[in-house]
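Trainee: Structure below; questions to follow.
The values are calculated or read from the model by the stated rules, or taken from the named source; none is laboratory data. Just so you know, these numbers come straight off a predicted model, no measurement behind them. Here the Cβ is made from the backbone with ideal geometry for all residues, glycine too, and neighbour counts use every protein chain on show. Surface accessibility is based on the protein's heavy atoms, side chains included, excluding ligands, DNA and RNA. Shrake-Rupley method; radii C 1.70, N 1.55, O 1.52, S 1.80 Å.
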Amino acid sequence: MSRHDKWLHGEIAQWRSEGVIEQELAAVLAARYPITDKEWSRIIFSVLGAVLLGLGVILFFAYNWENLPKFAKLGLIFAALLGSHGAALWSARHTAAPASLVEGLHILGVMLFGAGIWLVAQIYHIDEHYPNAFLFWSLGALSLAWALPSLAQGFLAVLLIALWSAFDVFDFHWTNHWAPLLIACGIVPLAWMQRSRLLLFFALLALLLLLVWGVVPLDDDLIIAVAMFISVSYIFAGLLVSETAFAESHTIFKLMGFTGYFIFLYVLSFAKASKGLDNVNFSRVVIMLYFAVPLALAVLGCFWVLLTRLGRLDRLWQWQWALIIIPLLLVAGMSLELLPLGGSAAILFNLVFLAHCVLFIVQGSRDVDAKLVSIACVLFALLTITRYVDLFDSLLLRSLVFLLLGAGVFVVGNFYSRTKRRIGEAGV
Amino acid sequence: MRRILILGCVLAQALVLVLMAAGREYIVQFGETVYLRTAPLDPRDLLRGDFVRLDYAISTISVGQIRGGLQDKDKLKTKGRKVFVALSKNADGLASFAYATDVRPDTGLYIRGRLMRHWRFRNTASAVRVKYGIEQLFVEQGKGIAIEKRRGGRDALQIPLEVEVALSRSGTGVIKGHRWSRLGIRLEVLRMPRRPRNVPIDQLEGPLSPKLKVTLKNVSEQPFVLLDPGPHCGFDIVPVKWSQKEYVAADGTCRTTPLTDRDVIELAPQQTYSVEIDLSQPRWHVRDGDAIGEIGRLAQNGQFRIVYRAPEPAALNSLSKADHVWLGHLPTRAFNAFGRID
């Protein structure tokens, strides 16, 4: 059950015992917010156990015991693979086995599938492009993630796809174009259909990472642009999904989006990083595609929000939307050499970063959201301290910066407290 | 319906494993088996985990040995391009390089590989590296060290590992096993050339090339028969495959040296045969175009090997032990004109 449901059921019991509400009303409230026990803890333990068992099997075969003939090894792995999945299917159909056991057995089966791939490669001394083993392994997990359906298989598939891409990029210096597509078309829809925010989080994180490190072998000057465009796409997607069947996914999109956006906006606040934006070499079609497609998604998201949502967003969110467009246009324009601003663009990036912080402080204070205010203050302090180190040699100026920073945080805290008190009094 | 889907996914996993194993097992059972000798141990070979990295004599191909469309230099630079290497097999089952081409041969023995980029040949057009998918030999944990020790290090006796490979009709190779060469070889430097600095080479006198000692050892449990007629005509100096210049042995004495029973060397198990080779002597001079000289004068940037090579079978008819003579060849480690062993 969720944290809030748990609190509510506790409160209902308390009210009932204190005589605040009658038994009938307590029953109605409890039924309105039922306890849905997804037995997550048992599933996690089963899955973890299955993964560790599977790794143990892989290591057992990795020892490559000479006394065990190859057909015996193959027979063992086939029997284990089919036995594990078979036991899961039989348990699901004929017994009242808990979901955690069935899930764990299928995970074990997929781990044994992976063990089988490495075992066959070992027996026949196969020296092919080894990252492909992760591709087949991930497809095994992904197919079951959809067939069962299973979030645990989905998580395993995300991990294996990420490993497939990582080994291609870092071991072979080769961009894996298919891995991000597999995440986007295979995992994100699954997370959406299963309404799993956790799987969506990992899928979006993996997608961002795969695209960012995927451009390293092509042109590492493209990293910031791609990361910025994808992050902005996530932010706009977050604004758009709030009125869909999976509205609660908006927090994940916004979390991923703003995290990436602020990280790279912070990087661009340094003149050296801003200056490097126009170093991208667009001589190859694949580089142009890696630049254009994320940019197109970001621009599409921007216009979609403009046409369908902007009027319905509150003023602060409208300002946020407007601010986000500025770095988007700057990064695109500078990369395409349409805006030859060089290192001076860093001033604009700094101002945008600052403006975001102020807006979040105002928004958080208005909504009595302590977390938002705190994060905004931390970002504000980070920017201030960084510029303090960059710009000021004079101790006098440095002291002034800290005085202003301290005063600013004091004012924000005061403003937040007064707003919270005012809202509380209005409620009473 | 869902159960059928799940069952289908499970069977697909099993099928993937079956296809991986069955394809290779078919080649192991029905493919033609050859032995491929691994190249002299290069210190850059790594033992990663529990497998041995293998580098074959056919892994490096000099550009002069290429036929067909691959002679186009642009095609040679294309990483991943398919290559077929034709092989010739001797009585021992050991296959050696015949030629390389980009078109599958209609007849004969061949193995399929792909062109690789190698740090050594980045800036040179003299040789290419080919990968055949048989460059890893998985062994039981701990056994890899024993293999590496037996193969030998830079200054030690080197015993080539000969890998048993099954070849399919399409040229795919599958490792079946391995054996050890019956002959080991060791290279030692007896004299490093002394070369004063800042003195032009044409003003230097005296030998400028190293003096080497090559030792052959019978590491098998059967007697071994070698031939070394005349002034060590059983040995040749050859440039490495990636050499940018086409050095050729200049001495023609050995072409006319007759073979007699006195040239036969019988090595009992663990017995050795050593020769001293002074590369400054005319017997070991090389030719570069019209110029002839010792490698210390003519080929300072070159790398070479000393190769023990048996004569052609047709030349052995006069010998009483012709049937017992080992007909293979065995190269040493690469060395340069300064006496530095690779």
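Trainee: Any idea which of B:277, B:295 is under 24 Å from the mean Cα position of the chain (by Cα), β-branched (Val, Ile, Thr) and more than 22 Å from residue B:228 (Cα to Cα)?
Mentor: Result of the check over B:277, B:295: B:295.
Matching residues to (1) touching a strand residue (DSSP E or B) at 6+ places or on another chain (Cβ under 6 Å); (2) surrounded by fewer than 16 Cβ atoms within 10 Å (Cβ to Cβ); (3) basic (Lys, Arg); (4) more than 21 Å from residue A:250 (Cα to Cα):
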{"residue": "A:296", "(1), (2), (3), (4)": "no, yes, no, no"}
{"residue": "A:299", "(1), (2), (3), (4)": "no, no, no, no"}
{"residue": "A:303", "(1), (2), (3), (4)": "no, yes, no, no"}
{"residue": "A:306", "(1), (2), (3), (4)": "no, yes, no, no"}
{"residue": "A:314", "(1), (2), (3), (4)": "no, yes, no, no"}
{"residue": "A:326", "(1), (2), (3), (4)": "no, yes, no, yes"}
{"residue": "A:329", "(1), (2), (3), (4)": "no, yes, no, yes"}
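Trainee: Among the residues that make up segment A:194-201, is at least one of them among the basic types (Lys, Arg), surrounded by fewer than 21 Cβ atoms within 10 Å (Cβ to Cβ) and at positive phi?
Mentor: Our first condition is that a residue be among the basic types (Lys, Arg); within segment A:194-201, this holds for A:195, A:197.
Checking the rest, the ones that are also surrounded by fewer than 21 Cβ atoms within 10 Å (Cβ to Cβ) come to A:195, A:197.
Those still in the list that are at positive phi too: A:195.
Taking every residue of segment A:194-201 in turn, at least one turns out to be among the basic types (Lys, Arg), surrounded by fewer than 21 Cβ atoms within 10 Å (Cβ to Cβ) and at positive phi.
Trainee: Just one of (1) open to solvent by 40 Å² or more (accessible area, probe 1.4 Å); (2) in contact (Cβ under 8 Å) with a residue 12 or more places away in the chain trips up residue B:218, so point out which.
Mentor: That leaves (1) as the condition not met.
Trainee: Criterion first (open to solvent by less than 40 Å² (accessible area, probe 1.4 Å) and in contact (Cβ under 8 Å) with a residue 12 or more places away in the chain) does residue B:263 satisfy it? Walk me through it before giving the result.
Mentor: Working: open to solvent by less than 40 Å² (accessible area, probe 1.4 Å): yes; in contact (Cβ under 8 Å) with a residue 12 or more places away in the chain: yes.
Yes, satisfied.
Trainee: Separate question: Could you list all residues from segment A:278-294 that are at pLDDT 90 or above and either touching a strand residue (DSSP E or B) at 6+ places or on another chain (Cβ under 7 Å) or open to solvent by less than 70 Å² (accessible area, probe 1.4 Å) (or both)?
Mentor: So in segment A:278-294, the residues at pLDDT 90 or above come out as A:285-294.
Result: A:286, A:287, A:290, A:291, A:292, A:294.
Trainee: Select from segment A:114-123 the residues that are within 9 Å of chain B (Cβ to nearest Cβ) and of a type in the set (Gly, Ala, Ser) and list them in ascending order. Walk me through it before giving the result.
Mentor: First, pick out the residues of segment A:114-123 that are within 9 Å of chain B (Cβ to nearest Cβ): A:116-117, A:119-123.
Answer for segment A:114-123, where residues must be within 9 Å of chain B (Cβ to nearest Cβ) and of a type in the set (Gly, Ala, Ser): A:116, A:121.
Trainee: Out of everything in segment B:148-196 that is within 13 Å of another protein chain (Cβ to nearest Cβ) and among the β-branched types (Val, Ile, Thr), what residue ends up being nearest to residue B:269 (Cα to Cα)?
Mentor: B:163
Trainee: Here's another thing I want to ask about it. Going residue by residue through segment A:91-105, is there one that turns out to be open to solvent by less than 10 Å² (accessible area, probe 1.4 Å) and at the interface with chain B (Cβ under 9 Å from one of its Cβ atoms)?
Mentor: No, there is no match, as no residue in segment A:91-105 is open to solvent by less than 10 Å² (accessible area, probe 1.4 Å) and at the interface with chain B (Cβ under 9 Å from one of its Cβ atoms).
Trainee: Let me ask another. Considering only segment B:232-259, how many residues are surrounded by 13 or more Cβ atoms within 10 Å (Cβ to Cβ) and over 24 Å from the mean Cα position of the chain (by Cα)?
Mentor: 2
Trainee: Separate question: Only one of these conditions is not met by residue A:126: (1) open to solvent by less than 10 Å² (accessible area, probe 1.4 Å); (2) at the interface with another protein chain (Cβ under 10 Å from one of its Cβ atoms). Which number is it?
Mentor: It is condition (1) that residue A:126 fails.
Trainee: I'd like to verify a number: residues in segment A:134-144 that are open to solvent by 20 Å² or more (accessible area, probe 1.4 Å) and facing chain B (nearest Cβ under 8 Å), how many?
Mentor: Total meeting the criteria: 2.
Trainee: Hey, residue A:204 hits all of (1) in contact (Cβ under 8 Å) with a residue 24 or more places away in the chain; (2) surrounded by fewer than 22 Cβ atoms within 10 Å (Cβ to Cβ) but one; which does it fall short on?
Mentor: Unmet for residue A:204, out of (1) in contact (Cβ under 8 Å) with a residue 24 or more places away in the chain; (2) surrounded by fewer than 22 Cβ atoms within 10 Å (Cβ to Cβ): (2).
Trainee: When you check residue B:269 against the structure, is it at pLDDT below 85, within 26 Å of residue B:38 (Cβ to Cβ) and open to solvent by less than 80 Å² (accessible area, probe 1.4 Å), yes or no? Let's see the steps before the verdict.
Mentor: Working: at pLDDT below 85: no; within 26 Å of residue B:38 (Cβ to Cβ): yes; open to solvent by less than 80 Å² (accessible area, probe 1.4 Å): yes.
Judged against the criteria, residue B:269 is not a match.
Trainee: Would you confirm whether any residue within segment A:260-275 is open to solvent by 30 Å² or more (accessible area, probe 1.4 Å), among the hydroxyl-bearing types (Ser, Thr, Tyr) and part of a helix (DSSP H, G or I)?
Mentor: Kept after step one, since they are open to solvent by 30 Å² or more (accessible area, probe 1.4 Å), are these residues of segment A:260-275: A:263-264, A:266-267, A:270-272, A:275.
Okay, now just the ones that are also among the hydroxyl-bearing types (Ser, Thr, Tyr), so A:266.
When the remaining residues are screened for being part of a helix (DSSP H, G or I), the result is A:266.
Yes: segment A:260-275 contains one or more residues that are open to solvent by 30 Å² or more (accessible area, probe 1.4 Å), among the hydroxyl-bearing types (Ser, Thr, Tyr) and part of a helix (DSSP H, G or I).
Trainee: Moving on to the next point. Is it true that residue A:232 is open to solvent by less than 60 Å² (accessible area, probe 1.4 Å), within 14 Å of residue A:328 (Cβ to Cβ) and within 23 Å of the chain's Cα centre (by Cα)? Full working, then the answer.
Mentor: Working: open to solvent by less than 60 Å² (accessible area, probe 1.4 Å): yes; within 14 Å of residue A:328 (Cβ to Cβ): yes; within 23 Å of the chain's Cα centre (by Cα): yes.
Taking the combined requirement at face value, the residue satisfies it.
Trainee: Just checking: which of the strands (runs of 3 or more DSSP E) contained wholly in segment B:265-342 hold 2 or more residues that are closer than 17 Å to residue B:213 by Cα? Full working, then the answer.
Mentor: Numbers: elements: B:272-278, B:286-288, B:291-293, B:303-309, B:329-331.
Because the criterion is at least 2 residues that are closer than 17 Å to residue B:213 by Cα, the strands (runs of 3 or more DSSP E) in segment B:265-342 that meet it are B:272-278, B:303-309, B:329-331.
Trainee: Tell me which residues, restricted to segment B:166-182, are more than 20 Å from residue B:147 (Cβ to Cβ) and either touching a Ser or Thr at 6+ places or on another chain (Cβ under 6 Å) or among the aromatic types (Phe, Trp, Tyr) (or both). Quick ask: steps written out before the conclusion?
Mentor: Of all residues in segment B:166-182, those more than 20 Å from residue B:147 (Cβ to Cβ) come to B:166-172.
If the condition is that a residue be more than 20 Å from residue B:147 (Cβ to Cβ) and either touching a Ser or Thr at 6+ places or on another chain (Cβ under 6 Å) or among the aromatic types (Phe, Trp, Tyr) (or both), then B:166 is the only one that fits.
Per-residue answers, yes or no, for (1) out of contact with any Lys or Arg (no Cβ under 9 Å at 6 or more places or on another chain); (2) modelled with pLDDT of 90 or more:
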residue: B:156; (1), (2): no, no
residue: B:174; (1), (2): no, yes
residue: B:179; (1), (2): yes, yes
residue: B:189; (1), (2): no, yes
residue: B:200; (1), (2): yes, no
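Trainee: With respect to residue B:152, is the statement that it is more than 30 Å from residue B:275 (Cβ to Cβ) and within 24 Å of the chain's Cα centre (by Cα) true?
Mentor: Here the answer is no, as residue B:152 does not meet what is asked.
Trainee: Could you tell me whether residue B:147 is hydrophobic (A, V, I, L, M, F, W, C), out of contact with any Lys or Arg (no Cβ under 8 Å at 6 or more places or on another chain) and at pLDDT 90 or above?
Mentor: Details: hydrophobic (A, V, I, L, M, F, W, C): yes; out of contact with any Lys or Arg (no Cβ under 8 Å at 6 or more places or on another chain): yes; at pLDDT 90 or above: no.
In short, no.
Trainee: With the requirement that a residue be part of a strand (DSSP E or B) and either at pLDDT 90 or above or within 13 Å of chain A (Cβ to nearest Cβ) (or both), what does segment B:102-117 give you? Write out each step before concluding.
Mentor: Taking segment B:102-117 as the starting set, the residues that turn out to be part of a strand (DSSP E or B) are B:109-116.
B:109, B:110, B:111, B:112, B:113, B:114, B:116 - these are the residues of segment B:102-117 that are part of a strand (DSSP E or B) and either at pLDDT 90 or above or within 13 Å of chain A (Cβ to nearest Cβ) (or both).
Trainee: Can you tell me which residue is modelled with the lowest pLDDT among those in segment B:118-139 that are surrounded by 15 or more Cβ atoms within 10 Å (Cβ to Cβ) and over 19 Å from the mean Cα position of the chain (by Cα)?
Mentor: The extreme case among them is B:139.
Trainee: Then there is this: Among the residues of segment A:145-167, is there at least one that is open to solvent by 10 Å² or more (accessible area, probe 1.4 Å), facing chain B (nearest Cβ under 10 Å), within 22 Å of the chain's Cα centre (by Cα) and on the phi < 0 side of the Ramachandran plot?
Mentor: Yes, that holds for at least one residue.
Trainee: Can you tell which of B:306, B:292 is touching a residue at least 40 places away in the same chain (Cβ under 8 Å), under 17 Å from residue B:337 (Cβ atoms) and crowded, with 18+ Cβ neighbours inside 10 Å? Talk me through it step by step, then tell me what you get.
Mentor: Working: B:292 fails: crowded, with 18+ Cβ neighbours inside 10 Å.
Exactly one residue qualifies, and that residue is B:306.
Trainee: Answer yes or no as to whether residue A:365 is among the polar types (S, T, N, Q), at pLDDT below 90, assigned to a helix (DSSP H, G or I) and out of contact with any Phe, Trp or Tyr (no Cβ under 8 Å at 6 or more places or on another chain).
Mentor: On the way: among the polar types (S, T, N, Q): yes; at pLDDT below 90: yes; assigned to a helix (DSSP H, G or I): yes; out of contact with any Phe, Trp or Tyr (no Cβ under 8 Å at 6 or more places or on another chain): no.
In short, no.
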